[in-house]
Amino acid sequence: EGEPTVSITVVGASGDLAKKKIFPALFALYYEDCLPKHFTIFGYARSKMTDAELRTMVSKTLTCRIDKRENCSEKMEQFLKRCFYHSGQYESEENFADLDKKLKEHEGGRLSNRLFYLSIPPNIFIDVVKSASKSASSKNGWTRVIVEKPFGRDSESSAALTRGLKQYLDEDQIFRIDHYLGKELVENLSILRFSNLVFEPLWSRQYIRNVQLIFSEDFGTEGRGGYFDNYGIIRDIMQNHLLQILALFAMETPVSLDAEDIRNEKVKVLRSMKPLQLENVVTGQYKNHTKGGVAYPGYTDDKTVPKGSLTPTFAAAALFIDNARWDGVPFLMKAGKALESRRTEIRVQFRHVPGNLYKRSFGTDLDRATNELVIRVQPDEAIYLKINNKVPGLGMRLDRSNLNLLYSSRYSKEIPDAYERLLLDAIEGERRLFIRSDELDAAWELFTPLLKELEEKKIAPELYPHGSCGPAGAHYLAANYNVRWGDTV
Ligand code: BG6
């Protein structure tokens, strides 16, 4: 009786994601007093471990987000006391029934809500969901399951996975995570657009020349080759993270902020897009490179990657939305590993000013005179707008300047990790930032024909040096649409 309990079972508790992201996010939520009063956390995995060993493992990655936080170690101790471990096989109904007994002891007869986080490889998703739902789902409260990508490799395997999950769960019990949706600046896209008069009226083909979605990392796939080689950058980043950002960016105004209204608009815009064509895509793979006396390995130098692998670690693509708002506007995506720097940003290049009085000040390169809005998702979160301005003085010289909202100067509060937002939402039943199955289907439909063609035709990726700005092909692709990548000018 009284307040309900929430138990969170992290299945695959000894994996990397659990250690690096899930437990630290849960602790941060606890620290901020965001977890329900009665909560218990269980780690579930095959290996034998005691509660104490789990706590030691978890505590190694717990940090307070800012150093000078008060009573952090005290809070950690309290948090760890609420963490337990249960060892079991993934397909065993019996082992999940034992977990159920332990959960019941903790619940002490209160209304029980249960959240399962599947931090495991996708080939065992269904086994776990089957045994957990049969033996360990809540009898009087809700049961929810968080799943992480990969959600299949193409339309067919993704649909099969969805069918499998839906044998045991309703759609509203499935929380498909795309952690980019939990990032502060991605969430802010809607606020920027829909609560500022100065942006939404410009948000169309009439004023926007092109939109760029750029993801780059300055490290390779070392150690993750086994996973990565089977998926490649298009499935790893574009089909999910970048496409989700695109959908939020380009969707029509939702009827309300309700999760279903938002997701309806996202599906609509995804379904208005044309599937990707091979000629609108460039792929690349990093090769070894020595810089400053340090030798950086190439993708295929990794022991976990098959020799001669053609898996792309870089891709650039041009996408189009076939609707009244965006007809003809190129949406350019670029994603790569082992590049010069780590960053994710959205760049919106506006059209030329018609009959610009000042065009002579820009010489022949009028593109340089257009406004550009940059939303830097990470690192150094910022929103800035490039405008033309007169250099102060008696002459008449124009200058490109930034109206700059740099988060670290404007806000003193640190930015929570994406997993904190998403875990909290899953506990609260807020589905806005999770992917509905029809969204997922639409996303796969855009990429599946291309992925198959790349693989069937064994298209060789263009090699680029580790730490460079990627293959030159990306520039030619953009040039086909009269676009210059904003991050390289
Ligand atoms: C994951 C990808 O989804 O996102 C990784 O599988 C990638 O390859 C990671 O490194 C990037 O996430 P973040 O939050 O570190 O930018």
For 143, 290, 364, ascending order of other Cβ atoms within 10 Å (fewest first) is 364, 290, 143
Looking only at lysines whose Cα falls under 16 Å of residue 386's and that sit 8 or more positions away or on another chain, we get none
Over 28 Å (Cα to Cα) among 334/457; 266/334; 21/287; 166/457; 37/266 -> 21/287; 166/457; 37/266
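Can you tell me which of 129-139, 311-321 comes out highest on packing, and rank the rest after it, using the mean Cβ neighbours within 10 Å?
Output ranking for 129-139, 311-321: 311-321, 129-139.
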So, relative contact order of region 1-144 in percent, Cα under 8 Å, 6 or more apart, is 35 percent
Once normalised by the length of the chain, the mean sequence separation of its alpha carbon contacts under 8 Å that are 6 or more apart gives a contact order in percent of 17 percent
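Does region 308-401 come out rounded, prolate or oblate by the C-alpha gyration tensor, with a ≥ b ≥ c the root eigenvalues, rounded set by a/c under 1.5 and, if not, prolate when a/b is larger than b/c and oblate if not?
Prolate, because a/c is 1.5 or more and a/b exceeds b/c.
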Rounded to the nearest 10, the angle in degrees between the Cα long axis of helix 259-271 and the longest principal axis of the Cα atoms of the chain comes to 50 degrees
Once normalised by the length of region 336-421, the mean sequence separation of its alpha carbon contacts under 8 Å that are 6 or more apart gives a contact order in percent of 22 percent
Extension length gain for residue 98 and residue 159 (0.36 nm per residue less Cα distance), in nm, is 18.8 nm
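Ranking request for peptides 195-204, 425-434: highest mean number of other beta-carbon atoms within 10 Å first, then the rest in descending order.
Peptide ranking by packing, descending: 425-434, 195-204.
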1/(1 + (r/R0)^6) with r = Cβ-Cβ of residue 224 and residue 291, R0 = 25 Å, i.e. FRET efficiency to nearest 0.05, evaluates to 0.70
Over the chain, the sum of -39500 (n - 2.57) across DSSP H runs of at least four, divided by residue number and rounded to 500 deg cm²/dmol, gives at 222 nm -9500 deg cm²/dmol
The aspartates and glutamates whose Cα lies under 19 Å from the Cα of residue 452, excluding any fewer than 8 residues away in the same chain, are 154, 156, 229, 236, 279, 441, 462
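All of the numbers you see were taken from the coordinates with simple rules; none came from a lab. On a predicted model such as this, the values are computed, not experimentally measured, just so you know. Neighbour counts run over all protein chains shown; Cβ positions are idealised from the backbone, glycine included.
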